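The values are calculated or read from the model by the stated rules, or taken from the named source; none is laboratory data. What you see is a predicted model; the values in this text were computed from it and never measured. Using ideal geometry, Cβ is built from the backbone for each residue, glycine included, and neighbour counts are taken over all protein chains shown. Keep in mind that these areas ignore ligands, DNA and RNA; they rest on the heavy atoms of the full protein, side chains included. Shrake-Rupley method; radii C 1.70, N 1.55, O 1.52, S 1.80 Å.
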Amino acid sequence: MIILVDNSEALLTDQDISAFNNAENALILNESGIEKWKAYLGYDDIPKLSDGLYSKEFMIKFGGEEICQGKFWSSVSSFSTIGVIITDATLKLDKSFNCIYFQNNYPVNKPLDSAIKSKLLKYFETHNLIIKDYTARV
């Protein structure tokens, strides 16, 4: 699940995620996840995280284990940041585009730390929710 650190609000739960795309470090959202995540995006000009989430800290927790902490960030930001981020979607989320992405640093994306990646893989492989290539799944 993805939790806001400052108030412990669960933004997405395990039930909102249908798979993990290992190749792209992306969570594939199901219908409930898409609807929840769309509530945090603004689409006035381009899709972006609402001001309420941008640069806020989150925690990723699966199976009761904390995987990592990071920040929500915008893929159109002119500011850089270091560490794990979840970027906003630059396309509207729907059945054909249903992913949110993890990245390490912005704007220069580096590979996720191996400890974080292995925890994500362990959880999703255990639940048979890992895919190697992007396939829209709802």
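Shape summary of segment 59-117, radius of gyration then Dmax from alpha carbon positions: 12.4, 35 Å.
For a 25 Å ceiling on Cα separation, which of these pairs sit above it: Lys95/Lys119; Lys71/Lys122; Lys38/Lys119? Cα-Cα > 25 Å for Lys95/Lys119; Lys38/Lys119; rest within.
I'd like the FRET efficiency for Asn128 and Asn7, computed as 1/(1 + (r/R0)^6) with the beta carbon distance as r and R0 of 30 Å, rounded to 0.05. Once the sixth-power term is evaluated, E becomes 0.40. Would you work out if segment 2-131 is rounded, prolate or oblate? Take a ≥ b ≥ c from the square roots of the eigenvalues of the alpha-carbon gyration tensor; rounded if a/c is under 1.5, else prolate when a/b is larger than b/c, oblate otherwise. Rounded, because the longest to shortest axis ratio a/c is under 1.5.
In the complete set of protein chains, residue-level accessible area for Val108 is approximately 100 Å², probe 1.4 angstrom. Entry comment: accessible area of segment 2-131 is 50 Å² per residue, from protein heavy atoms only and a probe of 1.4 Å. Which value in nm describes the separation of the simple spin-label points at Ala115 and Leu41, placed 7 Å from the Cα toward the beta carbon? A separation of 3.3 nm, rounded to one decimal place. Taking every DSSP bridge with both residues inside segment 2-131, close to 85 percent are antiparallel. Estimated at the nearest 10 Å², the accessible area of Ile130 is 50 Å² with a 1.4 Å probe.
When nucleic acids and ligands are ignored and a 1.4 Å probe is applied, Tyr101 ends up with an accessible area of around 60 Å².
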